[in-house]
1. If the convex hull of the alpha-carbon atoms of the protein assembly as shown is projected onto planes in all directions, what is the mean projected area in square nanometres?
2. Taking a ≥ b ≥ c as the square roots of the Cα gyration tensor eigenvalues, with a/c under 1.5 meaning rounded and otherwise prolate when a/b beats b/c, else oblate, which class fits the stretch B:83-225?
3. Tell me, what is the Rg over Rh of the stretch B:167-249, with Rh the Kirkwood radius over Cα pairs?
4. Starting from the exponent 0.38 and prefactor 2.2 Å, build the expected Rg for the stretch B:86-135 from its residue count and divide its actual Cα Rg by it.
5. Residues of B:76-85, mean number of Cβ from any other protein chain within 10 Å of their own Cβ, rounded to a whole number?
6. Normalising by the residue count of the stretch A:1-96, find the relative contact order in percent from Cα pairs under 8 Å and 6+ residues apart.
7. For chain A, rounded, prolate or oblate, judged on the Cα gyration tensor with a ≥ b ≥ c (square roots of eigenvalues), a/c < 1.5 rounded, else prolate if a/b > b/c?
8. Under a straight-distance cross-link criterion of Cα-Cα below 18 Å, which aspartates and glutamates are reachable from A:K97, leaving out those fewer than 8 residues away in the same chain?
Amino acid sequence: MEDLNITLKFSSGAELMIKDEIRFEAGVKTGDLELTRTLPVKTNDNPTNVKVLLEYICANLIKDKPESFYQEEKLRPGILVIINGSDWEVEDGPEYKLQNNDVIEFISTLHGG
Amino acid sequence: MKTLNERYDYGLDLFLLSIDEGIAGYRDDSLETVKRNKDQYSLPLLIVSYEQLYGWSMDSIVETVGRKNNCTFCGVFRRQALDRGALMLDLDHIVTGHNADDVAETILMNIFRGDLPRLGRCTDIATAGDGYTVRSKPFKYAYEKEIVMYAYFKRLDYFSTECTYSPNAYRGYAREFLKDLEAVRPSAILDIIHSGEAMRVAHDVQMPVAAQCERCGYISSNAVCKACTLLEGLERGVPKLGIARSAKADLQALPVVAKNRGASVQRVHFDKLWENAKRMREERIANADSWCNKPSCVCVDQNNTESSHACMQ
């Protein structure tokens, strides 16, 4: 059973949702944030897909209100997900099965002004 | 615009016009970005600030009135600031970046508040504004998501800090609702715009008539335009003037000669701005050497039949 190394990127406001200590750890105070995390590969009938990743992020990385990121099994509308340079809607969306060294980016459009 | 202008040879002179509302931590970021854009796209940039035009920055306004209704001040001032800036530059046309999400949110907001005059105007893709500078929104049908994805793939430099005062904005409610609708049925945004465009005001409804503000000359549906009303309220210490109905009574209760509280500046009257702009426009036409009488040409027919100038080639 292998572990998956996933690179996560947060930009355009999404980085502000991440816990402060994680941002400082990454050496970033403001601006785009890049992290790598390792997730275990699950068995075939319960694969590690983006949905699992979202739950992981919600539980471990988001500060204050987790529902501002992920609510009722859905990603907050207005946050775009890019998997290896493609819109996740072109891939399988939340069902996309993660592969080793995938790059998942989160771009927020939820800001006023 | 820049790309299209060059690719299709529109022959436009493009400028960047930016408004500095004086919001620390928000507008400073975006102004830095605009300055970079100026170099990236090689376009001249003019920045006008509320401080310079009205004597009040948004931060000082919020200090005076509190954290509610801030968008009212900012929006009213920005609209006038853009028109003032356009006249200073002698522009023919202002293009704003409003996208489909913005227009749909505005339609929803106007329905929620029952603002009929605005509802009738907000779906126009181009408006005559004050009659001098036309204003349009070419992204009216482009989803915000499409624009963000385009910027992502083209690696365009843009800012995305949230306005410090936006969490209290009414638009936030419309936005949340719209985003939830989009998640269920993505065509909802365009559908709302379509519905908004299809709405017609019954002809026996009395609509406000465009007139001129008696103080600054700006276009207004009342004797005194909203900007002047808000500024008067700020200066005279009745900050809810123009926002709450009761405020008018408070103003009347003040002694006739009230001491100015704020550091207001003498606002330039619009008649003067129009005069200057007209003069610049006449000079521009007189000096241009590429006028012809081809009906399809963008330049103005001026009885110039010389074949040596640019658009004849």
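Each value in this text was obtained by applying a stated rule to the coordinates, not by laboratory testing. Here the structure is a predicted model, which is why all the values come from computation and not from measurement. A quick note on method: Cβ atoms are made from the backbone with ideal geometry, for glycine too, and the neighbour counts reach across all protein chains shown.
1. Values: hull surface 106.5 nm².
So the Cα hull casts an average projection of 26.6 nm².
2. Numbers: a/c = 1.84, a/b = 1.28, b/c = 1.44.
Cα axes put the stretch B:83-225 in the oblate bin.
3. Numbers: Rg = 18.5 Å, Rh = 16.4 Å.
My calculation puts Rg/Rh at 1.13.
4. Values: Rg = 12.7 Å, N = 50, 2.2 N^0.38 = 9.7 Å.
The stretch B:86-135 yields a ratio of 1.31.
5. Numbers: counts 0, 0, 0, 0, 0, 0, 0, 0, 0, 0.
Taking the mean over all residues of the peptide, I get 0.
6. Details: 96 pairs, mean separation 26.5, N = 96.
The normalised contact order for the stretch A:1-96 reaches 28 percent.
7. Working: a/c = 1.63, a/b = 1.36, b/c = 1.20.
Note, shape of chain A comes out prolate.
8. A:E2, A:D3, A:D45, A:E55, A:E73, A:D87, A:E89, A:E105
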